[in-house]
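Colleague: Can you keep this structure in mind? I'll have questions shortly.
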Amino acid sequence: MLTFYAVVFVLLVVETVATLIFGMSSEMERAIARKQSTWDRETVWAHLNIVLRVALRAALGILLAIRIVELTG
């Protein structure tokens, strides 16, 4: 069971970092392609959405880490 939690934790961390890096850069590219400010309403909401998803995944990662520590004694 510990191995399962550890694998899920690693996948969660990798996916979260990828979302943060590639999600932010793709939103900036879209704003530049639309020839709009990177601070327009649509781009700011998209960035906020990405940050909130990453925060939720971080909270889940913390809970998984606590569970792993509990299982290891």
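The values are calculated or read from the model by the stated rules, or taken from the named source; none is laboratory data. Treat the numbers as computed from the prediction; the structure is a model and nothing was measured. Positions of Cβ are backbone-derived with ideal geometry, glycine not excepted, and every protein chain shown enters the neighbour counts. Side chains are part of the model used for accessible areas, which takes the heavy atoms of the whole protein and leaves out ligands, DNA and RNA. Shrake-Rupley method; radii C 1.70, N 1.55, O 1.52, S 1.80 Å.
Colleague: Checking the conditions here, which among 60, 20, 64 is over 13 Å from the mean Cα position of the chain (by Cα) and not β-branched (Val, Ile, Thr)?
Modeller: 64
Colleague: I'd like to verify a number: residues in the range 1-25 that are more than 22 Å from residue 69 (Cα to Cα) and either surrounded by 12 or more Cβ atoms within 10 Å (Cβ to Cβ) or touching a strand residue (DSSP E or B) at 6+ places or on another chain (Cβ under 6 Å) (or both), how many?
Modeller: Count: 5.
Colleague: To continue, here is another question. Just checking, does the range 30-43 include any residue being modelled with pLDDT under 85, assigned to a helix (DSSP H, G or I) and under 18 Å from the mean Cα position of the chain (by Cα)?
Modeller: So far as the range 30-43 goes, yes, one or more of its residues are modelled with pLDDT under 85, assigned to a helix (DSSP H, G or I) and under 18 Å from the mean Cα position of the chain (by Cα).
Colleague: Right, here's the next one. Give 52, 63 a once-over and let me know the one that is of a type in the set (A, V, I, L, M, F, W, C) and closer than 29 Å to residue 2 by Cβ.
Modeller: Step by step, each of 52, 63 is checked, and only 63 is of a type in the set (A, V, I, L, M, F, W, C) and closer than 29 Å to residue 2 by Cβ.
Colleague: Ok, one more. Looking at the range 26-41 only, could you name the residues that are small (Gly, Ala, Ser) and open to solvent by less than 40 Å² (accessible area, probe 1.4 Å)?
Modeller: Scanning the range 26-41 gives 26, 31.
Colleague: If you don't mind, another one. Let me confirm something: among 53, 57, which residue is open to solvent by less than 90 Å² (accessible area, probe 1.4 Å) and in a helix (DSSP H, G or I)?
Modeller: 57
Colleague: Would a scan of the range 64-72 turn up a residue that is of a type in the set (Gly, Ala, Ser) and at pLDDT 90 or above?
Modeller: Yes - at least one qualifying residue is present in the range 64-72.
Colleague: Would you be able to tell me the number of residues in the range 2-50 that are farther than 26 Å from residue 72 by Cβ, among the aliphatic types (A, V, I, L, M) and without any contact (Cβ under 8 Å) to a residue 24 or more places away in the chain?
Modeller: Of the residues in the range 2-50, 9 are farther than 26 Å from residue 72 by Cβ, among the aliphatic types (A, V, I, L, M) and without any contact (Cβ under 8 Å) to a residue 24 or more places away in the chain.
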